[in-house]
Amino acid sequence: MRRLFLSLASVATLALAGCGGSSDNGQQAANGGTPEASAPANNVTGTVTLRDAGKQLSPDAKLELKLVDVSAEGSQPLAVKTIAPVTLPQPFQLDFNASDLNPNDMYIVDVSLQDGERHYSSPLKTPVLTKGAKNVANIQLVGEATPGEKELAGFNSLKKNIGGLKVTQGTALKEGESRGWQIFKKGNDVQFVIELVDYGDKGFTSTNYAYKNGKPWVIVQEKKPSKDGKPTSTERAGWNDAGELVLKEKEAGGKVDVLGDDEANSLKSQAEAMLSKAGGKK
């Protein structure tokens with residue numbers, strides 16, 4: 001009987017111990033914690049690439065990255081980083097204080113790349129960190145038209161539609177020079193002029209002048225050895241609505257360089273003289 005009693009007592013002791021262990025685990029679960037719970041993310045990593053993979057950036061290119069809360073307008077970014085020079089594909093890591101993260105808000109990595117007059121941005125915004133999103137963002141940037149390209153696109157659009165404008169023409173002769181032009185008007189406003197000048201053995205120029213609000217807007221001038229020859233050089237100048245010179249290109253021998261201010265001003269003076277001759281405002 002004594003042996004039986006001891007055995008039952010031992011079983012009871014083990015059972016009580018087991019119950020005690022279950023009680024501790026249940027309490028821990030009730031408190032919502034686990035011994036191996038992972039720490040919240042405190043950085044976002046990724047890579048920046050260009051859609052035009054063959055595009056080469058200049059040494060002056062600058063990349064700016066911001067970790068932004070898009071749910072809270074006007075809030076300060078959680079992290080900011082500037083990278084220069086830029087080597088594509090460009091890896092990045094944005095570190096931030098995890099306690100600043102609001103799990104109910106939405107976050108994105110805002111990326112901006114500036115290379116001279118060319119600006120690149122991402123048309124797609126990828127959420128990170130919260131609402132099931134990861135802390136990795138691989139971002140592809142797309143180049144935007146430069147201010148000069150925007151003006152040139154407007155010029156080309158106008159040139160395609162000059163057939164719907166009222167047209168007059170004229171000619172002028174003097175020693176060593178034969179000049180002819182066509183003037184395109186909308187109402188009384190000069191919109192576009194095509195001028196051809198034959199200098200004989202000294203060459204030939206073809207110039208297109210576009211005007212906006214009674215002022216020179218975009219000018220494209222080709223220089224050729226003769227009327228039917230191929231252009232040896234093309235100069236392009238254009239001004240925005242504020243009067244700033246934003247299109248300034250000189251193309252020769254397959255190479256495009258920056259058009260100098262003096263050359264741009266010379267084209268502008270020609271455009272003003274032609275506008276006066278066409279009966280427009282100078």
task = Please report, largest first and rounded to whole Å, the three semi-axes of the ellipsoid equivalent to the stretch 59-104, where each semi-axis is the square root of five times an eigenvalue of the C-alpha gyration tensor.
result = 26, 11, 8
task = Could you give me the radius of gyration and the Dmax of the stretch 83-143, taking only the C-alpha atoms into account and expressing both in angstrom?
result = 13.4, 39
message = With a 1.4 Å probe and all protein chains left in place, how much accessible area per residue does the stretch 63-153 have, in Å²?
response = 55
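Evaluate the Kirkwood expression for the hydrodynamic radius of the stretch 206-282, namely the inverse of the mean inverse distance over all pairs of different C-alpha atoms, and round to one decimal in Å. Don't skip to the answer; put the middle values down first.
Numbers: mean 1/r = 0.0773 Å⁻¹.
Computed over Cα pairs of the stretch 206-282, the Kirkwood hydrodynamic radius comes out at 12.9 Å.
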task = With θ set to phi - 60°, apply the Karplus curve 6.51 cos²θ - 1.76 cosθ + 1.60 along the stretch 258-268 and write out the HN-Hα couplings as whole Hz, x wherever there is a Gly or Pro.
result = 7, 6, x, 4, 5, 5, 5, 5, 5, 4, 5
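When the dipole is taken about the Cα centre of the stretch 58-122, and only Lys, Arg (+1) and Asp, Glu (-1) are charged at their Cβ, what size is it in debye, to the nearest 20? Spell out each step's value before the answer.
On the way: 4 positive and 10 negative charges, 39 e Å.
The calculation lands at about 180 debye.
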query = Rg (Å, one decimal) plus Dmax (Å, integer) for the alpha carbons of the stretch 192-248?
reply = 12.9, 40
key: Percentage relative contact order, the stretch 137-238, counting C-alpha pairs under 8 Å, at least six apart   = 17
request  = Assign unit charges at the C-beta atoms only (+1 for Lys and Arg, -1 for Asp and Glu), then state the dipole size of the stretch 166-279 relative to its Cα centre in Debye, rounded to the nearest 20.
outcome  = 400
Reach of Lys227 by Cα under 16 Å, taken over lysines that are not fewer than 8 positions away in the same chain = Lys202
key: Listed peptides 183-190, 117-124 by packing density, highest first (mean Cβ within 10 Å)   = 183-190, 117-124
remark   = Quick calc, the stretch 138-227, dipole around Cα centre from Cβ unit charges on Lys, Arg (+) and Asp, Glu (-), nearest 20 debye, gives 280
task = Rounded to whole Å and sorted largest first, list the principal axis extents of the Cα atoms in the stretch 72-182.
result = 81, 32, 23
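The values are calculated or read from the model by the stated rules, or taken from the named source; none is laboratory data. What you see is a predicted model, and the numbers here were worked out from it, not measured in a lab. In this analysis, Cβ positions are derived from the backbone assuming ideal geometry, glycine residues included, and neighbour counts consider all displayed protein chains. Calculation scope for accessible area: heavy atoms of the full protein, side chains included, ligands and nucleic acids excluded. Shrake-Rupley method; radii C 1.70, N 1.55, O 1.52, S 1.80 Å.
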